[in-house]
Every structure is written in C-alpha cells, then in structure tokens.
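Working notes, beginning with the structure itself.
The values are calculated or read from the model by the stated rules, or taken from the named source; none is laboratory data. These numbers come from a predicted model, not from an experiment. Cβ: placed from backbone, ideal geometry, glycine included. Neighbour counts: every protein chain shown. Ligands, DNA and RNA are stripped out before the accessible areas are found, and what is left, the full protein with its side chains, is counted by its heavy atoms. Shrake-Rupley method; radii C 1.70, N 1.55, O 1.52, S 1.80 Å.
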Amino acid sequence: MASVTANRVDERLQQAPLLTRLLSRPELGAIAGTVLVFAFFAVVAGGSGMFSLKGVITFLEVSAQLGILAVFASLLMIAGEFDLSVGSMIGFAGVAIAIPVTLYGWPVWTAVLFAFGVAVLVGYVNGYITVKTGLPSFIVTLAGLFVLRGLTIGLTRLLTGRTQIPGIHKFSEGDWLAPLFGSDAFKGLFVWLAARGWIDTLPNGAPAVPGIPVSILWWLGLTAVATWVLLRTRFGNWIFACGGDKNAARNVGVPVDRVKIILFIGTACAAALFAAIQVLKFGSADTQRGLLKEFEAIIAVVIGGTLLTGGYGSAIGPAFGALIFGTVQMGIFYTGVDTDWFKVFVGVMVLVAVIFNNYIRKRMTEAR
Amino acid sequence: MAPARPLIDVQDISKQFGSVIALSGVSMTVWPGEVHCLLGDNGAGKSTLIKTLSGVHQPSSGRILLDGEPILFNSPRDALDRGIATVFQDLAMIPLMSITRNFFMGREPTKGFGPFRRFDVETANRVAREEMQKIGIDVRDPSQAVGTLSGGERQCVAIARAVYFGAKVLILDEPTSALGVKQASVVLRYVAQARARNLGVIFISHNVHHAWAVGDKFTVLNRGKTLGTFDKSQITREQLLSMMAGGKELEQLGAELEEFARADAARAGGRESPLEAGAAAEAAIAATLRQEVAEDRELLEVERRRRH
C-alpha cells in the first residue's frame, strides 16, 4: 500500500515542469548569478591569473570566510530575525583569543574555547532580549553592534594600551586546536602535485599554494550541515515555522523562543569561528576586525534567495551569495578596475536580488 | 450510541479583562458526535469563550470539565495535548511552507537515532497526501506551498491536521466566514465528516445559514451572556436570526439579506453545472444554503409587514 502510494507520488511529481520546480527553489537566483559572474570574469580577467590555482584559492578563501557568517545569518533570517552584531562580535572574539594568550599566557586552545564561550553568551543575550521584549532584533542587535565594538576597543586599550595585538603565531605553534582554524589542508597532496609539475611552484620547488585553507572546508561543511538541518530535521521545520508566522507556530507547539535563541547563538559562534580563523591565520588580532561584515553577510544571504521577512530561504543559496561576493571582490582587483567601484556593484546586485526574490515569492504563493 | 457524559462541560464561566466583562456566567456542553454552533454578533464574547476553551485565556471564575475532569490550560499546546484542537481564524497555516511541513508543524515524524534523527519526509508526504485525499482534496504535490491552495482548502488542511493528531474536540473559529458559497460548502461537508467520526465540534459563526446546515445544537451569545442553548428541533432559523440580531435591527438585516440573496442569485446564474463543478454533495449543500437565504428573506419580509 505504502509503496503503491509512493509510486503514485513519483509519477505525479514528474508532471511538474522542470522550470517551475527550479523556480520554486530559493537558491536558483544565486546559482544563476554565480554562473554569470564567472562567465563575466572568464572573459574580462581570463588571462590575468584570476583563474590560476592561486587566484582560485584566494577568491574561494574570501568567499569562505563570508560564507561561514552567511550560512548562520541565513538560518536566523529564515526564522525571522537579524543579527547586526556579527561584525562587532568578530572583533570581540578576536581579542578574546588574543588577550588571554599574549597577556596572561593561556594556551591557545583554551583561549579559543573561551572566545566561543563568550560568543554563546552574547548570542544568548541577543536572543533572550529579542524574544522576551518582542522588540525587533534589528534594534536589539544594533545596540549589540555598538556595545561590542566599544567593549572591544575599550578593553583592549585598557589592558594592552593599544588596539592591535600581534605575535600570536609563536604561541599557536604546536597547539593542538589551532590547526583546525588557521592552517592549510591537504598539504601533502599539494607537494606531490607540485613535484609532478601539475601545479605552479615557487622557485625552491615548493607548491605556490601550500594547500586548501581550512576556512574553505569549514564553509563547505557548515553549508552542508545547515542544509541538512533545514530540510531534513524537525528543528529545520521549526526554523521555517518561526519565520513564517510565529503565532501559528507557537499555537501548534513549536518552541519559538528556544529556536530563535539557538540561532542567535549560532550567528555569534559563526563570528567567533571567523575570528579564530583570522587570528590564527594572520597571527594577530585587531579591534577593527569584522567591520561591516554583518551587512556583507546579510547581502550574501539576500543574494542567496532568503527572504528578509523570514519563512523562506536556504543554506546553499547564501553559500553561492558569498561566492559571488568573494569572486567579484577579487575579480575587480584582477581586472585592474579601480576597486572603489566594487561597492557600486554590490549595491546594484543586492537590489536586483531582492527584486528577483520578491517575484519568486509571488509565484510561490499565487500560482497554482 | 448514547455517551454517558459530555466531552466538554463549561460551567458558569466568567472572564474579565480589567473593568471589561467579556463573559459572565456562560455554560454549555458539547457531546461527542455533535456539532454545537456558537452564534452571536461581533463583541458577543464568542472569541473570548473559545480562547478560554483553547487555553489562550484562563477563566476568571467558573470551570471547564473535560470528560468529567476539571481542567485548567496554560497554553494552546496544553489544550492540544488533551485533545482540544482549535482552528483559529488566522488558520495557523504558513503560506510559504509546504502542505506537508504545515501539516506536521510541531509534530514532525522522525526516523534514525541520536544526532542522525531526522524529519521523515517520505512518511510525512505520504500521510499528508492520504489525509487530504480523505477529505476530497487531491494534492498533486504535497511539497507545494500552502499559499497555492484556496481559502477553503487551507481550512480543510487545518481541520484535517487537528483530526489526524487525535483531536476529540474541534473548535472552529469562523471557518466559513471568509469563504464563498462553494468554498464554504467544502468546509461544511468536512465538518459533517468530523461529526460522523464522533468528534465534538464547536462551530463559531455569525452566519446562521452555515451554522444551520451542519449544526445540531445552537448556543446564542449576546453581550457576554448566553441567550440559551437550543436543539435544532426546538428552534427555527428565523428565531435564531432574530435572537442574534437582537430584534430591533431586524429590518436592516432584512435589507442586507436581500442584498446577499441577489448577489447569490447572480452568482448562481453564472455558475457552471454541478457536474462540472465536481462533487454533487457540494452542490447540494450550496443549493440548500442558497435556498435558505431566500427563505429567510421571505420570513423577514413577513415579520416586517407584521410589525408595520
């Protein structure tokens, strides 16, 4: 009986035209945009080294760091909330790693765990205030944006007398947790490829690119996990429900407040991850790190097809949104165009994406 | 089959919001297998009463017995767990989510264990399709957004969901008020189905015709008090109508009804044949409703002449 029904479902599903089905996927716009952007730069910057291994790794790494933020920002936005404190949280988490290590001699791994602990707390506070007061999260986290940035600068100058904390590399060497954030993966493979002459090498025979930065693996891994959670778990269904209509969700027993608080903790932890990657890769922390990242993340999410009003979106879309963002940012550099024009492009792209998303939503709810 | 005790026994419920008395001393009983219509004009206290029954509000005084046991709900979820499901006017449906996701919202079936416990999408899709088919709505793809369904179909999904999850009492808040005649008859037919499954149904409406088509008992509320509960055999539509309207506004009502009837007649003229329209039952209910509107108009006309 069950199999008969299942077969019938399949039969009927095939009747839906391919285009209709594609159009109802939130990530379609971002994927189409990615193809366009790649085609554009392949023509304009094809010979500039942008698509050499080093160039590809570079724009993937830029995309990956933004992508990590965007995935979590997307989950939160689907649940109907924003987190504008993400950028400040990056700076805060960065000094939360750097100060204990350089000033108090903590092992790097404890400092990293400490930073994640701080992120959980900040996310919880953001979420708790938002759900308990019923204020728009836009305002609550806007306050967070200023408070956290102010704390970062104030505490850092109070404790170290400056706003930059360099020299973390000498502490992170040999630390067991640090390679998880600041290293390159598949180094052996790259050396082997270089030895065969299949990839570019430095004059001394070492590969020009030492490996795949772990941030790229984090990005892909988190996107995959978030997609699975969103589409294939109860929690994922609750995320959609919270953003779609929180009263309706509450009436059928969805723990709306808990879901939102968990997602605020998620965005704060994404910021801490971003901070850990940057601090351990570059060996320094800066109180200005993460400036404007909250908006870049929202841009990637919106380009990725998630609705600002919540209730609809994906985790894959924002990954492509971040890829577009990173590719354009680096691509403009490679084409030799003044990088001042980058922001104009980003602004126009956001507007086009939102108009497109709006059209999709209309199709979703009106077409039969 | 005569049940020994009512499913729900509301005893002398009062509810105040500050200085406003929304309900004062309301009592009613709901038995399994009956449709109990709660009628009343705007502000009569219908919404407060059902919100009290469904756990949104707590009564200021009086008590509610469920299967003979006194109960006090703290949230709609509490009431839901005890088998009282309310389909609110706003439907508790999320237009951008799929039928399946809406159907199982908050009660998703899962498979697997530990961190790999996941939403059993295949089972959910199959059940949603089957349940929708039972109520006569053929869904091609249960993963299509609820926003693509018509208003009546959405009501049916909400009701089907409540029934599937084992509701004993179904509270329907104005389920037909926003719907056209044909759409309304789809919902009414499903209400009759729920009754046949021995559920107790509380049907809130200010539309006497819809209520009369499915109701077994009628409780009329006016300004926070009951004007009484009546069996279908004890009362006539026109009595119910004049009770709801409070008598003095009868003439205005009569004029309104005429207007409705004209609109209905115009719509009926342009309708496709019942066979094309689909289920004959639907058409029959729709026809009854139209006829009732016409009868009411005549009765009111008589009443008006008598008063002059």
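Under 5 Å from the amide H of A:LEU84 lie the amide H atoms of A:THR141, A:LEU142, each residue being 5 or more positions distant or on a separate chain, with H modelled from the backbone and absent for Pro and chain starts. For the residues B:GLU69, B:GLU131, a 1.4 Å probe over the protein chains yields an accessible-area ranking, largest first, of B:GLU69, B:GLU131. Quick one: pull the percent of accessible area on chain A belonging to carbon and sulfur, 1.4 Å probe, ligands and nucleic acids left out. Within chain A, the accessible surface is 68 percent carbon and sulfur. Annotation note: trypsin sites (Lys or Arg not before Pro) in segment B:167-199 located in DSSP loop regions with a Cβ neighbour count of at most 14 within 10 Å are B:ARG197. Dividing the Cα radius of gyration of segment A:240-290 by its Kirkwood radius returns 1.28 for Rg/Rh. About the centre of its Cα atoms, segment A:195-353 shows a dipole size close to 580 debye [charges on the beta carbon of Lys, Arg (+1) and Asp, Glu (-1) only; nearest 20 debye]. Peptide A:252-262 is shielded by partner chain Cβ atoms: per residue, an average of 3 of them sit within 10 Å of its Cβ.
The mean number of Cβ atoms from other chains found within 10 Å of a Cβ in peptide B:98-104 is 3, as a whole number.
Taken about its Cα centre, the protein assembly as shown carries a charge dipole of about 740 debye when Lys and Arg each add +1 at the Cβ and Asp and Glu each add -1 at the Cβ.
Over the protein assembly as shown, the alpha carbon radius of gyration divided by the compact-protein estimate 2.2 N^0.38 Å works out to 1.19.
Its alpha carbons considered, segment A:26-366 gives a radius of gyration followed by a Dmax of 20.5, 67 Å.
Roughly how big is the A-B contact, given as buried accessible area in Å² (both sides, 1.4 Å probe, nearest 100)?
3100
Note on surface exposure: B:VAL56, A:VAL35 rank A:VAL35, B:VAL56 by accessible area, highest first, 1.4 Å probe. The spacing between segment A:205-232 and segment A:84-150, judged by their C-alpha centroids, is 24 Å. Distant-in-sequence amide contacts of B:LEU227, defined by a placed amide H-H separation under 5 Å and a gap of 5 or more residues or a different chain, comprise B:VAL220, B:LEU221, B:ASN222. What the phi angles of segment B:152-161 give under the Karplus curve with 6.51, -1.76 and 1.60, with θ = phi - 60°, is a coupling list of x, 5, 5, 4, 5, 4, 5, 5, 4, 4 Hz, glycine and proline written as x. Measuring nothing but how far apart in sequence close Cα pairs (under 8 Å, 6+ apart) lie, relative to its length, segment A:262-368 scores a relative contact order of 20 percent. Sorted largest first by accessible area at a 1.4 angstrom probe radius, with every protein chain in place, the residues B:ARG77, B:ARG5 fall in the order B:ARG5, B:ARG77. The distance between label points at A:VAL43 and B:GLN58 comes to 6.9 nm (points 7 Å beyond Cα on the Cα→Cβ vector).
Across peptide A:226-233, the average count of Cβ atoms from other chains found within 10 Å of a residue's Cβ is 3.
In this view, the solvent-accessible surface of A:TRP192, computed with a 1.4 Å probe and all protein chains in place, comes to about 120 Å². Note on segment B:42-182: with neighbouring protein chains present and a 1.4 Å probe, carbon and sulfur make up 48 percent of its accessible heavy-atom surface.
Quick one: length gained pulling A:LEU53 to A:THR163 fully straight, 0.36 nm per residue minus the C-alpha distance?
Details: separation 110, 0.36 × 110 = 39.60 nm, distance 3.50 nm.
Result for the pair: 36.1 nm of gain on full extension.
Over chain A, Cα pairs under 8 Å with separation of 6+ residues give a relative contact order of 35 percent. Farthest towards the positive end of the charge dipole of segment A:26-366, among the residues A:PRO318, A:PHE190, A:CYS269, is the Cα of A:CYS269, using unit charges on the Cβ of Lys, Arg, Asp and Glu. Over the residues of the protein assembly as shown, the helix contribution to mean residue ellipticity at 222 nm works out to -19000 deg cm²/dmol, using -39500 (n - 2.57) for each DSSP H run of at least 4. Solvent-accessible surface (1.4 Å probe) assigned to B:SER143 amounts to roughly 70 Å².
Amide H to amide H distances under 5 Å link B:LEU23 with B:LYS15, where only residues 5 or more positions off or on other chains count and H is placed in the peptide plane. Taking all protein chains together and rolling a 1.4 Å probe, A:LYS170 ends up with roughly 150 Å² accessible.
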